[in-house]
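**Student:** Quick one: the structure is below, questions incoming.
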Amino acid sequence: MKQSTPLAPDLMPILSVGRHRSPRHGACFMEFVSYLAGERWSDHPACTHPLLAALAREVNDLTSDAERGELLPFVTRAIGLNPAEPSFSSTIALFAASAALPIASMERQHALAVGILRVLESGVAAEIAIVARQAFSDTPDAERWAHSYLARVPMQQTFTVRAAGSIVHSAAVGIALACVSDADARLAALLERTIEAAEALQRTSSTTRQTQIALQPVSL
């Protein structure tokens with residue numbers, strides 16, 4: 001008797017560019033997350049940090065068709081990854097801009113360098129700021145230009161989530177359009193690094209909550 005073929009593989013969507021009406025038509029990275037998380041079909045699932053999701057959508061759409069499947073191992077890691085730390089959006093923006101700065105076009109370098117300085121002004125952890133310093137060491141002219149620009153042009157004092165989103169978009173496009181042979185690998189590495197940072201923040205937050213609960217006085 002011929003054995004029946006399992007249905008599950010046929011039901012799994014295929015990673016592809018853009019938004020899709022249903023899993024049968026394919027899925028972008030974040031639609032795949034919503035599918036596996038059991039949420040309503042969407043490229044903006046509630047279970048993932050909004051800016052991390054935005055980066056994932058950018059990386060998905062800018063990665064070549066031949067290499068997009070390499071992003072699949074990161075999909076399950078993005079499920080439920082939503083750190084409450086307010087500075088996480090700044091961290092994502094800094095990671096993205098720092099990854100793109102050394103290889104982006106000069107015009108884009110200037111914008112990214114300004115973005116990095118704005119992120120640093122908003123306040124990030126010392127170990128995160130090191131990433132920016134390393135990028136600036138490779139592009140000292142871009143850093144000097146950014147300092148000169150900010151000295152001449154007044155900027156809004158508060159660094160906003162919207163500004164972080166603009167930096168992420170510009171950085172991802174800058175990597176994709178750079179004259180390098182490994183743009184796909186660089187985009188994947190940026191996404192992985194950001195996911196790792198989110199996982200670390202979430203672990204720390206969970207440990208802190210558990211400690212606080214353990215230290216609460218017991219009512220007799």
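The values are calculated or read from the model by the stated rules, or taken from the named source; none is laboratory data. Remember, predicted model here, so these are calculated numbers, not experimental data. Because the Cβ atoms are built from the backbone with ideal geometry, glycine has one as well, and the counts that use them run over all protein chains shown. Accessible surface is based on the protein model in full, side chains and every heavy atom, while ligands, DNA and RNA are left aside. Shrake-Rupley method; radii C 1.70, N 1.55, O 1.52, S 1.80 Å.
**Student:** Among (1) under 11 Å from the mean Cα position of the chain (by Cα); (2) at pLDDT 95 or above; (3) of a type in the set (Ser, Thr, Tyr), which single condition is Ser90 missing?
**Tutor:** Ser90 satisfies every listed condition except (2).
**Student:** Could you please let me know if Leu11 is surrounded by fewer than 17 Cβ atoms within 10 Å (Cβ to Cβ), modelled with pLDDT under 95 and not small (Gly, Ala, Ser)?
**Tutor:** Numbers: surrounded by fewer than 17 Cβ atoms within 10 Å (Cβ to Cβ): yes; modelled with pLDDT under 95: yes; not small (Gly, Ala, Ser): yes.
Judged against the criteria, Leu11 is a match.
**Student:** Among the residues of segment 175-193, write down those that are part of a helix (DSSP H, G or I) and open to solvent by 50 Å² or more (accessible area, probe 1.4 Å). Talk me through it step by step, then tell me what you get.
**Tutor:** Step one: of segment 175-193, the residues part of a helix (DSSP H, G or I) are 175-177, 183-193.
Leu177, Ala185, Arg186, Ala189, Glu192, Arg193 - these are the residues of segment 175-193 that are part of a helix (DSSP H, G or I) and open to solvent by 50 Å² or more (accessible area, probe 1.4 Å).
**Student:** Another question about this same structure. With (1) modelled with pLDDT under 85; (2) open to solvent by less than 70 Å² (accessible area, probe 1.4 Å); (3) of a type outside the set (A, V, I, L, M) as the list, and Glu199 as the residue in question, which single condition is left unmet?
**Tutor:** (1)
**Student:** Give the residues of segment 50-103 that are among the small types (Gly, Ala, Ser), out of contact with any Lys or Arg (no Cβ under 8 Å at 6 or more places or on another chain) and closer than 17 Å to Val173 by Cα, sorted by residue number. Give the derivation first.
**Tutor:** Our first condition is that a residue be among the small types (Gly, Ala, Ser); within segment 50-103, this holds for 53-54, 56, 64, 66, 69, 78, 80, 84, 87, 89-90, 93, 96-100.
This time we only want the ones that are out of contact with any Lys or Arg (no Cβ under 8 Å at 6 or more places or on another chain), so: 53-54, 56, 64, 66, 69, 78, 80, 84, 87, 89-90, 93, 96-98.
Ala53, Ala54, Ala56, Ser64, Ala93, Ala96, Ala97, Ser98 - these are the residues of segment 50-103 that are among the small types (Gly, Ala, Ser), out of contact with any Lys or Arg (no Cβ under 8 Å at 6 or more places or on another chain) and closer than 17 Å to Val173 by Cα.
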